[in-house]
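**Student:** Okay, handing you the structure first.
Read the figures in this text as sums done on the coordinates, not as results from a lab. What you see is a predicted model; the values in this text were computed from it and never measured. So basically every Cβ, Gly included, is an ideal-geometry build from the backbone, and we count neighbours across all protein chains shown.
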């Protein structure tokens with residue numbers, strides 16, 4: 001089998017992605033698609049910065065399981081609380097990741113989980129408050145590919 | 001030695017891989033592995049006599065903070081799902097004799113404590129070393145009247161993980177004076193240093209001569225086996241030692257030996273010895 | 001083989017405390033866009049919804065997409081004011097609901 005460097009690299013990357021999502025040629029989400037989703041979620045509000053903090057590793061050792069956490073500064077009282085935090089990813093096959101729905105009984109608007117990342121990309125968190133205001137935070141996560149591509 | 005390095009460079013360069021040579025060397029992280037704020041693990045130990053490296057270091061030290069954190073909390077560690085499954089199997093009656101593991105061995109926390117730190121052991125009946133998976137199968141066939149598990153099938157991985165987990169924190173120590181263990185160690189050592197595959201790599205090429213360096217984006221560890229079966233984030237499940245042996249050999253683009261073959265049993269004896277003194281971490285968490 | 005859901009809730013707390021809850025479910029979270037060896041798409045089968053209730057009222061919930069990793073892990077907070085029971089429910093695409101409960105005593 002004669003493989004040149006580029007063919008092998010392509011195959012290797014293909015295999016890695018195949019492990020995640022199985023399809024090499026599939027269209028991926030784009031920053032524009034995520035911006036559109038954020039706009040639709042935000043309604044009439046202009047997303048502000050601050051109050052929401054997205055925590056991610058800078059480098060994910062394996063894209064199949066990447067820990068992410070989100071925390072929003074809010075009194076979480078009956079009339080002033082965070083209703084939802086939506087997470088999007090702009091380089092996955094689909095931009096949607098998860099929606100956390102909070103209540104005043106949550107006490108704190110904090111949640112974490114583990115997500116899949118098909119490649120290096122931006123992860124975007126958007127929080128909606130009970131008064132309709134919206135805040136957002138973005139992190140870039142680099143996804144590495146294993147040593148031998150196996 | 002210089003010639004070897006050149007060969008390595010050529011072999012790897014051809015297919016677009018490279019060990020980051022001098023510029024990117026990341027030492028294993030200086031951190032303490034403590035499980036559930038209780039069990040202080042030995043993750044660095046003085047190497048046993050005759051070991052080529054001065055210190056044996058757990059693969060945990062080579063992982064990112066996020067991956068390391070998962071292993072420190074048995075709740076967050078998804079490998080524990082397998083351990084819990086193993087506990088169920090331990091207590092489940094199977095086979096013609098109407099027995100479970102627990103029928104003879106009672107509480108694994110007592111009866112299996114230390115087992116995971118001392119295997120493989122010498123098996124007089126087969127005149128070969130036997131690992132936990134082999135011991136489980138022997139018990140199933142001879143005492144339970146049940147079928148032997150096929151490699152990585154049925155309850156083999158979870159039950160092995162459950163049994164090894166009973167030795168969490170205990171230092172690995174093989175008894176090479178049993179039977180012919182020493183000659184299997186010799187044979188395993190030969191396998192460890194034998195270059196193989198289209199990439200012409202031996203175990204030692206990566207895990208002895210280049211541990212601490214990067215092979216592409218992968219931080220090479222010493223390849224110690226004290227955490228198997230280990231939860232790999234890549235597959236999101238428990239991965240057995242012989243699966244990893246085969247995967248690693250496959251990645252050198254070589255024909256890979258069968259699980260539990262003499263070649264890989266020798267390699268298990270030898271690589272387990274190389275991690276002498278490290279705590280059993282089963283189920284470890286790796287990338 | 002499915003194992004029962006794992007949930008970690010403190011056994012006791014003081015009224016007004018904000019406690020941390022951790023949950024882990026054994027599930028492959030099949031994304032629906034992978035293909036098998038023969039090139040056929042493996043049908044999507046994920047946990048799409050998680051709900052945590054305390055004494056019958058929803059405290060926290062999630063709508064989950066295939067980008068969540070296998071063996072879904074969720075960690076979140078709850079403010080407790082009285083003793084009672086947390087109920088946790090994971091809904092599979094096939095309609096199966098995995099449930100478990102944990103009691104907490106609040107003084």
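**Student:** Once you treat every alpha carbon in the stretch B:182-225 as an equal point and sum by Debye, what is log10 I(q)/I(0) at q = 0.34 Å⁻¹?
**Tutor:** Relative scattering, expressed as log10 I(q)/I(0), comes to -1.12.
**Student:** Once you have a ≥ b ≥ c as the square roots of the Cα gyration tensor eigenvalues for the stretch B:66-179, tell me rounded if a/c is under 1.5, and otherwise prolate or oblate according to whether a/b is larger than b/c.
**Tutor:** oblate
**Student:** Please say if the stretch C:6-106 is rounded, prolate or oblate, where rounded means a/c under 1.5 for a ≥ b ≥ c the square roots of the C-alpha gyration tensor eigenvalues, and otherwise the choice is prolate for a/b larger than b/c and oblate otherwise?
**Tutor:** Note, shape of the stretch C:6-106 comes out prolate.
**Student:** Could you work out the relative contact order of the stretch A:27-143? I mean the mean sequence separation of Cα pairs under 8 Å and 6+ apart, divided by the number of residues, in percent.
**Tutor:** 35
**Student:** Moving on to the next point. Using only Cα atoms, find the angle between the long axis of helix B:79-90 and the longest principal axis of chain B, and express it within 0 to 90 degrees, rounded to the nearest 10.
**Tutor:** 30
**Student:** To the nearest 0.05, what FRET efficiency results for residue B:27 and residue B:51 with a Förster distance of 25 Å applied to their C-beta separation?
**Tutor:** The formula returns an efficiency of 0.85 here.
**Student:** Let me ask something additional. Go ahead and run the numbers for FRET between residue C:30 and residue B:152, Cβ-Cβ distance against an R0 of 25 Å, rounding to 0.05.
**Tutor:** Here the calculated transfer efficiency is 0.80.
**Student:** Let me ask something else. If I build a Gaussian network model for chain B, linking alpha-carbon pairs within less than 10 angstrom, which residue out of B:270, B:119, B:193 has the largest mean-square fluctuation?
**Tutor:** B:193
**Student:** Ok, one more. Can you compute log10 of I(q)/I(0) for the stretch B:163-240 with the Debye formula, treating each Cα as one identical point scatterer, at q = 0.26 Å⁻¹?
**Tutor:** -1.22
**Student:** Related question: Note down the Stokes-Einstein diffusion coefficient of chain B in µm²/s, whole number, using a Kirkwood radius over alpha carbon pairs, 10 °C, and 1.306 mPa s.
**Tutor:** The estimated diffusion coefficient comes to 81 µm²/s.
**Student:** What spacing in nm lies between the two simple spin-label points modelled at residue C:96 and residue B:175, each 7 Å away from Cα in the Cβ direction?
**Tutor:** Label at residue C:96, label at residue B:175, 4.4 nm between them.
**Student:** Tilt of helix B:241-251 relative to the longest C-alpha principal axis of chain B, in degrees (0 to 90, nearest 10)?
**Tutor:** So the inclination is approximately 30 degrees.
**Student:** Report the per residue volume, in Å³, of the convex hull enclosing the C-alpha atoms of the stretch B:233-286.
**Tutor:** Convex hull volume per residue, Cα atoms: 94 Å³.
**Student:** Express the C-alpha Rg of the stretch B:23-80 as a ratio against the empirical globular expectation 2.2 N^0.38 Å, rounded to two decimals.
**Tutor:** For the stretch B:23-80, the normalised Cα radius of gyration comes out at 1.29.
**Student:** Can you give me the angle between helix B:156-165 and the longest principal axis of chain B, using Cα atoms only, in degrees from 0 to 90, rounded to the nearest 10?
**Tutor:** Between helix and principal axis, roughly 90 degrees.
**Student:** Taking only Cα atoms and a 10 Å spring cutoff, compute GNM fluctuations for chain C and point out the largest among C:91, C:81, C:23.
**Tutor:** Checking each option, the largest mean-square fluctuation is seen for C:81.
**Student:** Set the Förster radius R0 to 45 Å, insert the Cβ-Cβ distance between residue C:40 and residue B:96 as r into 1/(1 + (r/R0)^6), and round the FRET efficiency to 0.05.
**Tutor:** About 0.70, to the nearest 0.05.
**Student:** Please identify which residues in the stretch A:61-77 have an amide N closer than 17 Å to a label point set 7 Å out from the Cα of residue C:22, following the Cα→Cβ vector.
**Tutor:** Taking a point 7 Å out along Cα→Cβ of residue C:22, the residues of the stretch A:61-77 whose backbone N falls under 17 Å are A:66-70.
**Student:** May I pose another question? PRE reach from residue C:11 (point 7 Å along Cα→Cβ): which of the stretch B:26-66 fall under 12 Å by backbone N?
**Tutor:** From the stretch B:26-66, the list is empty.
**Student:** Over all Cα pairs of the protein assembly as shown, how is the pair count split among 10 Å bins, expressed in % and running from 0 up to the last occupied bin?
**Tutor:** Calculated over all Cα pairs of the protein assembly as shown, the distribution is 3, 16, 26, 26, 18, 9, 2, 0 percent.
**Student:** Gaussian network model of chain B, Cα springs within a sub-10 Å range: biggest mean-square fluctuation belongs to which of B:156, B:182, B:222?
**Tutor:** In this elastic network of chain B, the residue with the biggest mean-square fluctuation among B:156, B:182, B:222 is B:182.
**Student:** What whole number of Å gives the distance from the Cα centroid of the stretch C:4-75 to the Cα centroid of the stretch B:195-258?
**Tutor:** 31
**Student:** Enter the Cα centre distance for the pair the stretch B:45-104 and the stretch A:77-122, rounded to the nearest angstrom.
**Tutor:** Taking the Cα centre of the stretch A:77-122 as reference, the centre of the stretch B:45-104 is 32 Å away.
**Student:** Relative contact order for the stretch B:54-204 using alpha-carbon pairs under 8 Å, separation at least 6, rounded to a whole percent?
**Tutor:** Computed over the stretch B:54-204, the figure is 25 percent.
**Student:** Sum -39500 (n - 2.57) across every DSSP H segment of at least 4 residues in the protein assembly as shown, then divide by the residue count to get the 222 nm mean residue ellipticity, nearest 500.
**Tutor:** Calculated from helices alone, the mean residue ellipticity at 222 nm is -7000 deg cm²/dmol.
**Student:** Next question, about the same structure. Computed from the mean reciprocal separation of all distinct C-alpha pairs, what Kirkwood hydrodynamic radius does the stretch A:22-99 have, in Å?
**Tutor:** 14.7
**Student:** Report the label-to-label distance for residue B:109 and residue C:57 in nanometres (one decimal), using points 7 Å from each Cα along the Cα→Cβ vector.
**Tutor:** Those two pseudo-labels are separated by 3.8 nm.
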